[in-house]
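Enquirer: Have a look at the structure that comes next, please.
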């Protein structure tokens, strides 16, 4: 991939300059001035009803398009906070992961010194500045030594005491963050074998972020009746990294991820005021920044949706998340019936008809806060399975297909195993995301046991009516007995033993028909030993980077096949097991994704180096690839690994992706 | 407990049962207690409806319950007929700490009487008994703070201090009027849960049973009365049959 190298170089220039903003700024995400955005946009939304109709159509369209690319501005929604009671059921998940917030990383100095350090090990370093970098090695060493306490640094120090200027005034903090890494690299360069855990983190420590992320999913306490704890509660509320608010265009609260009505009412009022101020100017507010917090507003028909984030996410990404929330609401109500409610009364309280779905909205929100590759890429992940095995399953699905079946899906541990669908209808990733969220994240369905019959609207398929979904979870060890009760798993995508059969029909009375199909299907899958193959594939899990390319320096990658709207990735283990590390990785991916999709100049290849990692984003008409490696990796090595991944995917394409599926 | 399918080949028949009631009164929890003998705090709301089965062994026969556990939210109400149509039994559940849920239960009972099959056996179940204080003898102070359940006479002295807001008397009175089985249960502690289902099993007229596994069901005509004796529950009113109008 020679071209990559060249491109890298090209991309590198601008990048270095900009490096500070994307990588390191957990707080300062690259935002455009509000003024600019507002200008783009001339959208008079004064009249609610107008807005309704217009947005409606817009929303339908945009729903179908991929989330990241969405340019369309959703009109703001009316806010409506949810009940805290529902939140109780929320995950007390101990996601102790904070998104990376590398202040340190941003320093050019740091990067250099890192690279340099590595240069010792890898003389082939092809970075444009290799000469300079070598010189810097000394600096890096010195710098580190100054900041560190004596001990091993002593020898290092002797090398070059002058370095401090590089870091300038900030050098101290910068160094502090990086020290550990420096030390390692130093030690390595000195020939020490060094493999402690610290070495494994790709991200600098950031205690503030860690503790914030730790508490991100905690419940906010109830307000004491005398209001004595008000201040404390407000602090808790403000400390959240991410908020989602949904309000009606009349300003009624509909949903809020954190805090009860009482708590968010004021904020809803303020936001509504801001939104309507712009509307009164025949303008539409798309987003703004306050301090280190980014606000993105999406107006969809009678709803205003607001995302408030301190994580490094682009407007487009946040807007994609708001779209998913909007689709969840449509999935519950259908578009026409929601419009009818608001047409009858503009200040209609949408919380009533949405009662009970707060858990779904919150599961979606928390998924976004934890970071989800699927949402970032708006693509699906499939269970890796041999082509012939998948074909056998497809055939079984086709042969047992009952008359009124629209879609049939087999899902294992949150990954798609097989699909049966009519020729003229493909499945929309956004719809599947809603279904997976309901089944694997929100726990409402799986906790109940038994089989389920769920009316739902799939807005990507058709936002005007309901379909009916039969859901049955299988016990892989003994598929004939349906799972009576499944343990709750809130962590990313469902436990390994969860295999669900989903059969979707437009026929409201079709439960027993589909149930019969399920019995037949499971019976046959068992006979042709597909069940045991699924079980093995589930057990095998995702391969590690080193399984895919032996010796690969890559720590993780995401590969999205554009044509299939599917993605594949290696296991989180061993480097990204904790939610915190995962969140940091996802923040890095967010940044890369933003760079790749930035308008108007979209890059083909983007290279990024920080104090602790080196990463690559690569876009072609066929795929998008994001890859991360420790900073000691050279660009050439990274590029080479990326090429190997692409080759691997090409080879395994029919295993990692579902191509076509069972079509009737 | 009523499960354990270990018995001899007894006549067996399936009974379609539907649970109805306001959201968050504990329908799914009751079912989970009955089917899995398990309980989860803060269970998330049911979406749509869940279908579960559980056997209930009576001395003379085995009843296989096919249970439709429906979601209580308003927006699912229009789907309810699909579930109670042809049902032989219904559990209408309310929350003893929430008077409005009894009102909702009464609406469901009325709807069932109007539209469900005439012979349907209906049990009125007040759930969350664990939230009521054990001895009703306690202080009467708060009594005036207790809102009365709509449509019934204001609460007497009985329940006070605790979270109970629907006096047993009120609900029982209503159940008697309408000819419903009546129980107060706790899905959390398991209290009375099995009894409800056993009572329903006993109250189903033999004639309305279709044995899925052969003719067995029919042979026991007339034994129903004996079976009833086994309901050792503390609540003798349990055996009343739902009357058709």
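Enquirer: Do you know which residues across region B:65-75 are surrounded by fewer than 19 Cβ atoms within 10 Å (Cβ to Cβ) and more than 7 Å from chain A (Cβ to nearest Cβ)?
Expert: First, pick out the residues of region B:65-75 that are surrounded by fewer than 19 Cβ atoms within 10 Å (Cβ to Cβ): B:66, B:74-75.
Within region B:65-75, B:66 is the sole residue that qualifies.
Enquirer: Quick check on region A:269-288. Is at least one of its residues touching a helix residue (DSSP H, G or I) at 6+ places or on another chain (Cβ under 9 Å), closer than 21 Å to residue A:587 by Cα and not in a helix (DSSP H, G or I)?
Expert: yes
Enquirer: Restricting attention to region B:54-64, report how many residues are more than 10 Å from chain A (Cβ to nearest Cβ), under 18 Å from the mean Cα position of the chain (by Cα) and assigned to a strand (DSSP E or B).
Expert: Step one: of region B:54-64, the residues more than 10 Å from chain A (Cβ to nearest Cβ) are B:55-64.
Remaining after also requiring under 18 Å from the mean Cα position of the chain (by Cα): B:55-58, B:63-64.
If we keep only those that are assigned to a strand (DSSP E or B) too, we end up with B:55-57, B:63-64.
Total satisfying the criteria: 5.
Enquirer: Any idea which of A:310, A:300 is touching a strand residue (DSSP E or B) at 6+ places or on another chain (Cβ under 6 Å), surrounded by 20 or more Cβ atoms within 10 Å (Cβ to Cβ) and away from every other protein chain (no Cβ under 14 Å)?
Expert: Working: A:300 fails: touching a strand residue (DSSP E or B) at 6+ places or on another chain (Cβ under 6 Å).
Checking each option against the conditions leaves just A:310.
Enquirer: Continuing with this model, one more query. Could you please let me know if residue A:406 is in contact with a strand residue (DSSP E or B) (Cβ under 8 Å, 6 or more places away or on another chain) and surrounded by fewer than 24 Cβ atoms within 10 Å (Cβ to Cβ)? Spell out how you get there, then give the answer.
Expert: Numbers: in contact with a strand residue (DSSP E or B) (Cβ under 8 Å, 6 or more places away or on another chain): yes; surrounded by fewer than 24 Cβ atoms within 10 Å (Cβ to Cβ): yes.
Taking the combined requirement at face value, the residue satisfies it.
Every residue, every condition in (1) within 23 Å of residue B:112 (Cβ to Cβ); (2) facing another protein chain (nearest Cβ under 7 Å); (3) modelled with pLDDT of 95 or more, yes or no:
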residue	(1), (2), (3)
B:2	no, no, no
B:8	no, no, no
B:18	yes, no, yes
B:28	yes, yes, no
B:40	no, yes, no
B:52	yes, yes, no
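Enquirer: Do we find that residue B:45 is free of Cβ contacts under 8 Å to residues at least 40 places away in the same chain, more than 10 Å from chain A (Cβ to nearest Cβ), in contact with a helix residue (DSSP H, G or I) (Cβ under 7 Å, 6 or more places away or on another chain) and within 26 Å of residue A:466 (Cα to Cα) in this structure? Spell out how you get there, then give the answer.
Expert: Numbers: free of Cβ contacts under 8 Å to residues at least 40 places away in the same chain: yes; more than 10 Å from chain A (Cβ to nearest Cβ): no; in contact with a helix residue (DSSP H, G or I) (Cβ under 7 Å, 6 or more places away or on another chain): yes; within 26 Å of residue A:466 (Cα to Cα): yes.
Spelling it out, it is not the case that residue B:45 is free of Cβ contacts under 8 Å to residues at least 40 places away in the same chain, more than 10 Å from chain A (Cβ to nearest Cβ), in contact with a helix residue (DSSP H, G or I) (Cβ under 7 Å, 6 or more places away or on another chain) and within 26 Å of residue A:466 (Cα to Cα).
Enquirer: So if I check each of A:386, A:401, A:352, which one is within 14 Å of chain B (Cβ to nearest Cβ), over 21 Å from residue A:583 (Cα atoms) and surrounded by fewer than 20 Cβ atoms within 10 Å (Cβ to Cβ)?
Expert: A:352
Enquirer: Right, something else. Could you look through region A:355-371, keep only residues that are in a loop (DSSP other than H, G, I, E, B) and surrounded by 22 or more Cβ atoms within 10 Å (Cβ to Cβ), and pick out the one that is farthest from the other protein chains (Cβ to nearest Cβ)?
Expert: First, the residues of region A:355-371 that are in a loop (DSSP other than H, G, I, E, B): A:355-357, A:371.
From the residues that got through so far, the ones that are surrounded by 22 or more Cβ atoms within 10 Å (Cβ to Cβ) too are A:356-357, A:371.
Working: A:356: 4, A:357: 8, A:371: 23 Å.
Ranking the qualifying residues of region A:355-371, first place goes to A:371.
Enquirer: Would a scan of region A:440-461 turn up a residue that is more than 14 Å from chain B (Cβ to nearest Cβ), at positive phi, modelled with pLDDT of 85 or more and surrounded by fewer than 22 Cβ atoms within 10 Å (Cβ to Cβ)?
Expert: For region A:440-461, residues more than 14 Å from chain B (Cβ to nearest Cβ), at positive phi, modelled with pLDDT of 85 or more and surrounded by fewer than 22 Cβ atoms within 10 Å (Cβ to Cβ): absent.
The values are calculated or read from the model by the stated rules, or taken from the named source; none is laboratory data. On a predicted model such as this, the values are computed, not experimentally measured, just so you know. All Cβ positions, even for glycine, are placed from backbone atoms using ideal geometry, and neighbour counts span all protein chains on display.
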